[in-house]
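A short write-up of the structure that comes next.
The values are calculated or read from the model by the stated rules, or taken from the named source; none is laboratory data. Keep in mind that this is a model prediction, so the values were computed, not measured. Surface accessibility is based on the protein's heavy atoms, side chains included, excluding ligands, DNA and RNA. Shrake-Rupley method; radii C 1.70, N 1.55, O 1.52, S 1.80 Å.
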Amino acid sequence: MLNRNIAADVQAYLAHFPSLLITGARQVGKSTLALQLGIEHYVTLDDIATYQSAKADPKGFVLSLPKPVVIDEVQRVPELFVAIKEQIDLDRTPGRFVLTGSSSLQGFRDISDSLAGRIGIVDLYALNLSELYGRSFNFIDHVFSGAAFPAVAQVTDIVPHLLKGGFPEVQTIAHAKTRMLWFSSYIRTYIERDLHDMGNIRNLDSGTCQAN
């Protein structure tokens, strides 16, 4: 299992904020990172029964969860943010709620309306070379520093890494054609849908969402 460089920041947020949101693009490893935090209780809103329970009674759902708890794919039920805020206002113990959710303009507006000052937000990106090789090394910073590359950066051909990208699941796919099919499916399933959702938001700052 690959270690993520952002893990130290996640632990720092957990020690200070009563809730933490791990956000980022789909399939970058948000759920995996949350599960590595050692929190015993975990629920995912990808489970249809859990989703229906949370949607039907957000407050009762949050009350029923043992704390601390990981709530995966929280953006699927935005009403949970208000219920979580109410619980945090009663008990501001750090690290009670760890939330994961894919980046969403509407989702961030829901958070800003309800959990401002009560939540730490960390953005998880795709795997970088230092994470893939298990080393503490920032490739981009080193390129622009002009310094000579240490042994850790002896990557003879950067092109295969660029073509493969940093999605964790893609790293396990050996054949180039299969990887292309994965990326094609990703774009079709997620990007087109997200662009459609973004097209329905005219003015995020004003707090209004209008269809084009």
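Key figures for this structure:
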item: Carbon/sulfur fraction of accessible area - segment 17-87, other protein chains in place, 1.4 Å, %; result: 53 percent
item: Heavy-atom accessible area ranking, 1.4 Å probe, most first, across LEU115, LEU90; result: LEU90, LEU115
item: Shape of segment 1-105, Cα gyration tensor, a/c cut at 1.5; result: oblate
item: Protein-only accessible surface order, largest first, of ILE71, ILE121 at 1.4 Å; result: ILE121, ILE71
item: Qualifying lysines (Cα of each under 20 Å from Cα of LYS67; at least 8 residues distant if same chain); result: LYS30, LYS55, LYS59, LYS85
item: Proximal lysines relative to LYS177, as straight alpha-carbon distance under 22 Å, when same-chain residues fewer than 8 apart are discounted; result: LYS164
